[in-house]
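Q: This is the structure I have questions about; it appears just below.
Derivation of every value follows stated rules applied to the coordinates shown; laboratory data play no part. Just so it is clear, the model here is predicted, and its values are computed rather than measured. Positions of Cβ are backbone-derived with ideal geometry, glycine not excepted, and every protein chain shown enters the neighbour counts.
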Amino acid sequence: MSVKRIGVLTSGGDAPGMNPCVRAVVRTALYHGLECYGIRRGWNGLISGDIVRLDEKSVSHIISRGGTILYTARSQEFMTEEGQRKAVSTCKFLGLDSIIAIGGDGTFRGAQALSKYGINVIGIPGTIDNDISCTNYCIGFDTAANTAIECIDKLRDTMQSHERCSVVEVMGRNAGYLAMYVGLAVGATAVLVPEEPIDFERDVIEKIRQARFNGFTHYMIVVAEGAGSAADIAAKIKDAIDLDPRVTVLGHIQRGGSPTGRDRVNATKMGYLAVELLLQGKTNRIVCTHDGNYTDVDISEGLAMKKGIQDMEVNVLAAMTGL
Ligand code: F6P
């Protein structure tokens, strides 16, 4: 199928950098003389026809804006065959031959379903969790990490003054990449992630005792939400040792904010590549990046891949917190 009219959407949890990515898709499409439409509210917009024509002007000055101008949603209806058929009807009605979907694994499964009806699809990884296995980097991670780091640095000031223990929960329902990265960046006393088995005595209490033995009087525990709630962990610390930890859940603040330079450039390259792939006749692909190179992988293969926390990060954390 030839490429003439591209639809672009954002789906799942938003991530800073989605806007620069939409901008790059639109600009690259226009550069090649293609038409571009924005589909609002994720796959729901394709079902209901909530679609807007995008031109140069409609994406100007969004490179620095967090969130997504296209809105986002997790569509239940699109999971059904009926929902998918409605979306295909919208594509046919509007002459959309290709869809570029920015989001996570769920978004790519949606794209894969649509491709079975003959629509060209390309997925772009956008999630602060950085948990898409086929790529080293997902749009939004750097901004979210820097937001969390800035917040925790502030927390440290007051924890240090009061000689307290702080338990900070960062996002990551199923993945600890953000928690591990942030924990290393703030010099955490302990980091808990869902990928690693947790021995509470060894991984938290012993670390605090060691730090105290070495003369430290405040302690920073970073936990990914998928590894347990900060409130529960604080209560367990209180039970085990003479500390009264303060709890901070950073929550959705991590998903907002102006994208960092890294996220803007990465998003721009990925958006550009998605359109180029379509023009090369490719479909059913996910854009990926590894060590500064940008490639693509078949959606099924990409979804089947597994990745975990790097051994290097685990080893560095052990050395930094082993004292
Ligand atoms: O975008 C992924 C994520 O940030 C997870 O880490 C988190 O659990 C989830 O989104 C929360 O999203 P929401 O509150 O929008 O459902």
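Q: Taking loop as defined by DSSP and a crowding limit of 14 other beta carbons within 10 Å, which trypsin sites (Lys or Arg not before Pro) in the stretch 108-160 fit? Walk me through the numbers before you get to the answer.
A: Numbers: sites: ARG109, LYS116, LYS154, ARG156; in loops: LYS116.
For trypsin sites (Lys or Arg not before Pro) across the stretch 108-160 that sit outside H, G, I, E and B with at most 14 neighbouring Cβ atoms in 10 Å, the list reads LYS116.
Q: Still on this structure, I have one more. Over 15 Å apart: what share of the alpha carbon pairs of the stretch 1-92 falls there, rounded to a whole percent? Working shown, then result.
A: On the way: 2458 of 4186 pairs.
Taking all Cα-Cα pairs of the stretch 1-92, the fraction more than 15 Å apart is 59 percent.
Q: With no solvent and one point per C-alpha, what does the Debye sum give as log10 I(q)/I(0) for the stretch 115-269 at q = 0.11, 0.15 Å⁻¹?
A: -0.46, -0.77
Q: Distance in nm between label sites at ARG85 and SER229, each 7 Å beyond Cα in the beta-carbon direction?
A: Output for this residue pair reads 4.3 nm.
Q: What distance in nm separates the simple spin-label points at SER300 and MET312, each placed 7 Å from Cα in the Cβ direction?
A: About 3.3 nm separates the two model spin labels.
Q: For the peptides 138-150, 91-103, what is the packing order when you average, over each peptide's residues, the other Cβ atoms within 10 Å and list the highest mean first? Each step should come with its number before you reach the end.
A: Working: 138-150: 24.3, 91-103: 22.5.
Packing order, densest peptide first, comes out as 138-150, 91-103.
Q: Across every pair of different alpha-carbon atoms, what Kirkwood hydrodynamic radius in Å does the chain reach? Spell out each step's value before the answer.
A: Working: mean 1/r = 0.0486 Å⁻¹.
Taking every pair of different Cα atoms in the chain, averaging 1/r and inverting gives 20.6 Å.
Q: Write down the percent of antiparallel bridges among all DSSP beta bridges whose residues are both part of the stretch 163-296, to the nearest 5. List each step's numbers first, then the result.
A: Working: 4 of 17 bridges.
Expressed as a percentage, antiparallel bridges in the stretch 163-296 total about 25.
Q: For ARG65, project a label point 7 Å along Cα to C-beta. Then give me every residue of the stretch 16-46 with its amide nitrogen under 13 Å of that point.
A: 17-23
Q: Further, regarding this structure: From the cross-link list LYS207/LYS236; LYS207/LYS238; LYS207/LYS307, which pairs have alpha carbons spaced over 20 Å apart?
A: Details: LYS207/LYS236 14 Å; LYS207/LYS238 14 Å; LYS207/LYS307 27 Å.
Checking Cα-Cα distances, LYS207/LYS307 exceed 20 Å.
Q: Relative contact order (percent) for the chain, with alpha-carbon contacts under 8 angstrom and 6 or more residues of separation? Show your work: numbers first, answer last.
A: Numbers: 713 pairs, mean separation 73.6, N = 323.
This gives 23 percent for the chain.
Q: How high is the FRET efficiency between LYS238 and GLN160 when r is their beta carbon distance and R₀ equals 25 Å, given to the nearest 0.05? Please report the intermediate quantities before stating the final value.
A: Values: r = 20 Å, r/R0 = 0.79.
My answer for the efficiency is 0.80.
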